[in-house]
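See structure below.
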Amino acid sequence: AGMSRAAAAWWRNWRPRLARLEGWAFLLPLALYWRTLAPTVYNLDSAELTVAAATGGITRATGYPLYLIIGGLWSRLPLGDVGYRLNLLSAVCGVVALLLADRLLRRDGVSRTARYGALGLLAVAPFYWSLSLVAEVYTLHVALMAGLLLLLRGWAEKPTPARLGLAVLWMGLSMGNHVTMVLLAPGCLWYVLTTAPREALRPRALLLAGGGLLLGVCVYGYVPWRFGRMPAFNYAGSYDSQAIFHPINLRTLDGLWWLVSGKQFSSLLFTYTAAELLTEVSRFINQLWQAFLIIGIGPGLLGLVVTLRRDWRWGGALLLMFLANVIFYVNYRVLDKATMFLPAYFIWALWLAVGYQWLLRWAAAGEQGRANGWLLRGIIAAAVLVGLFVTWPRVDLSTDWSARERGEQILAQVEENALIVGWWDTIPLVEYLQLVENQRPDVQAINRFLIDRASLNQLIYAQSGQRPVYINEPIIALRAAFEFVPVGPLYAVRPRQEAP
């Protein structure tokens, strides 16, 4: 009994100090991400974004101007190489999103154990962790989303026109990082119009909201501005059969809309058959199951119900945001869409925290309340630790130099004034070394994404007799006319010699 009283006295003495230091707990995921961060430029989309941000270039749709502006400034930090710096930006954004989520949950009175348990599980979820290790737009997207949710809650507490305008401004600006921020609009409108419709529909509020939206989307003005400066890196256009690049005119409204709306990807949306769609839904559920280690599914569903019952306006907003993101990406026919569900995982983590809170209170109400409470806390903490040790070896990129090594090997082996044609695992890496690190400016690199098949075949015929040509894989239709000789990761394309 004496020890219990002493422990209670110690807790009363230290609790205020620990509360002041609780923000420092988020240094743990930052340290974790830093320890497992990719040490240099990574491949695929990551390399494209790195080159565009560092050189003031232009990416493919949907442009990502806010990311390019922030990334361009961040790339000047004196830390490692440029690839490493942009990877570090993703790690910082991932932690900022967790911090903002914690603040959001504290507003709703969720306990520290429930908050840290849910957000800890999110922090070590495979896709959240992996996207915090390489240059990508998604952790910034989630951080901006968390900021928007906080602004909406702040407006609900005091529904002034200025606060509404600020929230809409934030949303418009956030669309400059990822245009799918618009998927949050149904939930935002629901929350605003069910919380304080009179205040929201007043002329001053509508004026400030409209002005805020227009001001926010002005970030897209960065794209035509950069286009006018003719950047060396530009993925908004196409190559012809003479290896000449024809850019989309991004100074026209039609050209800018082509980029922002993602018209080049419109054929990939909502094209699944019923059977295929069922498979995609099942795949998402399995990914959610893996992300929260099974243990987070039941409490997450419980948190959804509790949130709806406690505040149907806020609960409805989160549900609409969750469903909009899931429905859109489930119906998006691309191979890497598993990384795009991060907003849905983020909302699930909020529900999970509320579910944990309800379970902790329920456990404390029984006869063995204290023991049950500590047991449940132990399970919550153990889930995070299990996620940590299971996910770490799967996502750790701290020794992964493969992308840089691949690019350097290619540039070391190709001949002078060569033409290289390849996909995402080849060309952005070469362009990074050329444009960011000034290696081999004599080489021309063309991403096969930017040239159609017929033009590519004509290009091979036209260029193979004029300069060395390399490609990432043989073209079956051209085997009769050309030899494809392996040279490192590529193939040298050589006209076949006619028999004497």
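The values are calculated or read from the model by the stated rules, or taken from the named source; none is laboratory data. The model shown is predicted, which means the values in this text are computed figures rather than measured ones. Here Cβ is always computed from backbone atoms with ideal geometry, including for glycine, and neighbour counts include all displayed protein chains.
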**Asked** Just one of the numbered conditions (1) surrounded by fewer than 17 Cβ atoms within 10 Å (Cβ to Cβ); (2) assigned to a helix (DSSP H, G or I) is not true of Leu259; which one?
**Response** (1)
**Total residues in region 91-145, condition in contact with a Cys (Cβ under 8 Å, 6 or more places away or on another chain) and among the small types (Gly, Ala, Ser)** = 2
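Yes/no matrix, rows are residues, columns are (1) closer than 24 Å to Thr59 by Cβ; (2) surrounded by 15 or more Cβ atoms within 10 Å (Cβ to Cβ); (3) modelled with pLDDT under 95:
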| residue | (1), (2), (3) |
| --- | --- |
| Arg448 | yes, yes, no |
| Ser455 | yes, yes, no |
| Pro468 | no, yes, no |
| Arg479 | no, no, yes |
| Val493 | no, yes, no |
| Arg496 | no, no, yes |
**Asked** Looking at (1) within 17 Å of Val436 (Cβ to Cβ); (2) at pLDDT below 95, which is the only condition Asp81 fails?
**Response** (2)
**Request:** Would you point out the residue of region 23-82, among those that are of a type in the set (Asp, Glu) and assigned to a helix (DSSP H, G or I), that is surrounded by the fewest Cβ atoms within 10 Å (Cβ to Cβ)?
**Result:** Asp45
**Message:** What's the total number of residues in region 357-372 that are assigned to a helix (DSSP H, G or I) and farther than 20 Å from Leu105 by Cα?
**Reply:** 6
**Item:** Among the residues listed as Val386, Val334, the single one being outside the structural domain of Gly465 (by TED's automatic domain parsing), aliphatic (A, V, I, L, M), within 17 Å of Gly120 (Cα to Cα) and surrounded by fewer than 16 Cβ atoms within 10 Å (Cβ to Cβ)
**Value:** Val386
**Request:** Go through region 144-158 residue by residue and tally those that are touching a Ser or Thr at 6+ places or on another chain (Cβ under 7 Å) and either without any contact (Cβ under 8 Å) to a residue 24 or more places away in the chain or under 16 Å from Ala205 (Cα atoms) (or both).
**Result:** 1
**Prompt:** Could you give every pair whose Cβ atoms fall below 7 Å, whose first residue belongs to region 255-276 and is in contact (Cβ under 8 Å) with a residue 12 or more places away in the chain, and whose second residue is among the acidic types (Asp, Glu) and surrounded by 12 or more Cβ atoms within 10 Å (Cβ to Cβ), counting only separations of at least 6 or pairs across chains?
**Reply:** Tyr272/Glu280
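Matching residues to (1) under 25 Å from Val384 (Cβ atoms); (2) assigned to a strand (DSSP E or B); (3) more than 16 Å from the chain's Cα centre (by Cα):
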position	(1), (2), (3)
Val306	yes, no, yes
Arg309	no, no, yes
Leu320	no, no, yes
Ala324	no, no, yes
Ala338	yes, no, no
Ile347	yes, no, no
**Item:** Scan of region 262-301 for residues that are surrounded by 14 or more Cβ atoms within 10 Å (Cβ to Cβ), more than 22 Å from the chain's Cα centre (by Cα) and farther than 30 Å from Leu388 by Cα, ordered by number
**Value:** Tyr272, Leu277
**Complete:** Going through (1) at positive phi; (2) touching a residue at least 60 places away in the same chain (Cβ under 8 Å) one by one, Met230 fails only at (2)
**Complete:** Residue set Pro78, Pro65; condition within 17 Å of the chain's Cα centre (by Cα) and not assigned by TED's automatic domain parsing to the domain that holds Leu429; output residue Pro65
**Request:** Determine whether Arg440 is closer than 26 Å to Ile248 by Cα and among the basic types (Lys, Arg).
**Result:** no
**Item:** Candidates Leu214, Leu131, Leu164 - the one that is crowded, with 18+ Cβ neighbours inside 10 Å and free of Cβ contacts under 8 Å to residues at least 60 places away in the same chain
**Value:** Leu164
